[in-house]
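Accompanying notes for the structure given below.
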C-alpha cells in the first residue's frame, strides 16, 4: 500500500469512504467534464500516453521505458514528456542528467533521461515542441492521461494486479482519478501489471468497452547480485511493499523493510540512521532506481551513498509482440490524424 495514501483506500468501502462520497461525486463530475470537454492541443508528432487509473505507483515508468526501447528498435527517435512531479522547475526544459537533480526536475524524468531525451513541463504541448527541436519523432507521455492537455494518439492505462483500484472510489474517498468507465472511454488499451486479482473489475470491464488487455511483469535486472544476502531495503515509491517483494523474489532476505512516502527526499540524518541500522545488523543496503535518483546530487554523505545498492527493474510484456503492436497502433492513429 502507498505509505502516504489513506489506508482505507485499499480496503472495502467503509465509513470514511461513504463520508467523503459527496466530495468524490463533485471530483468525479469535474474529472469527467475535463476528459470530455478539455481542449486537447494537437502536436504534429505521434504521442503515446502511458497512464494509470489511480494515484500511486502502477509500474508505468518502466513501461514507458520499454516502449521507448521498442520505438527505437523500429527506427524512431523517442522522447519523453513529463510533468516533473516533485521538481521545482516551472518553465519547460530539457532534462540534463549530468547537471539536474531530482529537486530540479523530479525523480522519474532522471530515470527516463537515461534512455531518451526528456522535456519537463505542465504544458505538454510546449514540451513536445522542445523535443521536436531535439530531433525526436515519437513522443511518450509518462502520466498526464487525466489532465487532457494534449491530444494523444494512443493511451495505455496500467493497472497493478496486486492493488488494483483499491476500494473503487474516486478521490478523495478512494484512489481513482476518475470513474473507471470514464477513463476506459478515452483509453486505447489496458495493461495488467503483475499477478493478482485486485484489478479484475477493470480487466473484466475493458473488453466490454472494446479495449484490449495486455499483461506485463516487473523483473529485477540484476537478481543474482542480491540472492542469498541479508538486506536493509528502503523505498519512497507509490507501493513500497512491491519493491520489498521483488527483492525477496530475487532471493534476498529482507531483514529490515523501511517504507517512506512517495517521492520522499531523504535528509542526511535519515540516511545515517538507516546506515547505522544496516551496519549494526551486518546488512547490505538497497533501494529502488527512483530513490537512487533522489539521493544523487543532494550533497548527502558520500561514504553512506557508497553503501547503497540499487535493484534495477524492467517491465517485461507477457507477449513479446505487445510492445511492437502498441507502437505501431500509435503510429497508425497519428497517420490518420496527419495524413501525408
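Just so you know, all these numbers are worked out from the coordinates, no wet-lab data involved. None of these values were measured; they are calculated from a predicted model. Reconstructed Cβ throughout: ideal geometry from the backbone, glycine too, with neighbour counts over all protein chains shown.
Tabulated data
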| read-out | value |
| --- | --- |
| Folded to 0 to 90 degrees: helix 60-73 orientation relative to the chain principal axis, Cα | 70 degrees |
| Relative packing of peptides 261-268, 290-297 - highest average C-beta neighbours within 10 Å first | 290-297, 261-268 |
| Cα gyration tensor shape for region 1-94, rounded if a/c is under 1.5, else prolate or oblate | prolate |
| Cα-based helix-to-principal-axis angle, 21-37 vs the chain, degrees rounded to 10 | 50 degrees |
| Prolate/oblate/rounded call for region 298-340, Cα gyration tensor, a/c under 1.5 rounded | oblate |
| Segments 272-279, 205-212 sorted - mean Cβ within 10 Å per residue, highest first | 272-279, 205-212 |
| Additional length obtainable on full extension of the chain from residue 312 to residue 249, 0.36 nm per residue less Cα span | 21.4 nm |
| Burial order of peptide ranges 218-225, 46-53 (average beta-carbon count within 10 Å, highest first) | 46-53, 218-225 |
| Principal axis dimensions, largest first and in whole angstrom, of region 272-334 by Cα | 56, 26, 14 |
| Value of relative contact order over the chain, rounded to a whole percent, pairs C-alpha under 8 Å and six or more apart | 22 percent |
| Linear extension gain, residue 103 paired with residue 219, 0.36 nm per residue minus alpha-carbon span | 39.0 nm |
| Within region 110-125: backbone nitrogen closer than 16 Å to the residue 305 label point (7 Å, Cα to C-beta) | 110-111 |
| Anisotropy class of region 86-231 from Cα gyration tensor, a/c 1.5 cut | oblate |
| Part-to-part distance (alpha-carbon centres) for region 185-245 and region 1-50, which is given in Å | 20 Å |
| Rounded tilt (10° steps) of 240-249 against the dominant C-alpha axis of the chain | 70 degrees |
| Extension gain (nm, one decimal) between residue 133 and residue 89, 0.36 nm per residue minus Cα-Cα | 13.9 nm |
| Spacing of the two label points (7 Å from each Cα toward its C-beta) at residue 115 and residue 38, in nm | 2.3 nm |
| The chain - share of DSSP beta bridges that are antiparallel (%, nearest 5) | 15 percent |
| Whole-number percent relative contact order across region 222-311, with pairs defined as alpha carbons under 8 Å at least 6 apart | 33 percent |
